[in-house]
Amino acid sequence: TNVDTLSLHDALPISIVTYQDRFAGVGRLVYLNEAEAEMGGIYILDEFRGLSLASELVAYLVEEAKSRVLKEVYCLPFHELKHFYEKFGFTTFDVQNTAVNEKVLKKFNWCLGNYQKDVLLLKLNQSY
């Protein structure tokens, strides 16, 4: 398994996970500014599910984020993925009483109003 980043634009590099030299999935860190990013777009093709590739991809993206010493890294997963993201140091927090990047908050509210599934707003615990 290999994870590598393809950068077509500095603000939106795309990380690609391969398995046995075959494209297996993607994910990304969207850099909102110099101090904040959002992790998302995690997708593993059906034929490669069950091989822990999503875990490898998220671990890679978390390490990338930590290497940039970002103040905040957000993630907006569906509720059923909460425990998956907690394994990598993402936590829930009081959205009402915490400063949140305006773009992330706007996206979160859009998700709440447009998806039939529950969506969470998580952030990376930097001391994890």
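Evaluate the following for residue 72: is it under 21 Å from residue 45 (Cβ atoms) and acidic (Asp, Glu)? It would help to see each step written out before you state the result.
Details: under 21 Å from residue 45 (Cβ atoms): no; acidic (Asp, Glu): yes.
No, not satisfied.
Remark: pairs (first residue in region 18-42, in contact (Cβ under 8 Å) with a residue 60 or more places away in the chain; second residue hydroxyl-bearing (Ser, Thr, Tyr); Cβ separation under 7 Å; 6+ apart in sequence or on different chains) = 38/74. Scanning region 96-110 for residues that are within 18 Å of residue 35 (Cβ to Cβ) and open to solvent by less than 40 Å² (accessible area, probe 1.4 Å) yields 100, 101, 104.
The values are calculated or read from the model by the stated rules, or taken from the named source; none is laboratory data. Because the structure is a prediction, the values reported are computed rather than measured. No Cβ is skipped: glycine too gets one built from the backbone with ideal geometry, and neighbour counts run over all protein chains shown. Each accessible area value is taken on the protein alone, full model and side chains, heavy atoms only, with ligands, DNA and RNA left out. Shrake-Rupley method; radii C 1.70, N 1.55, O 1.52, S 1.80 Å.
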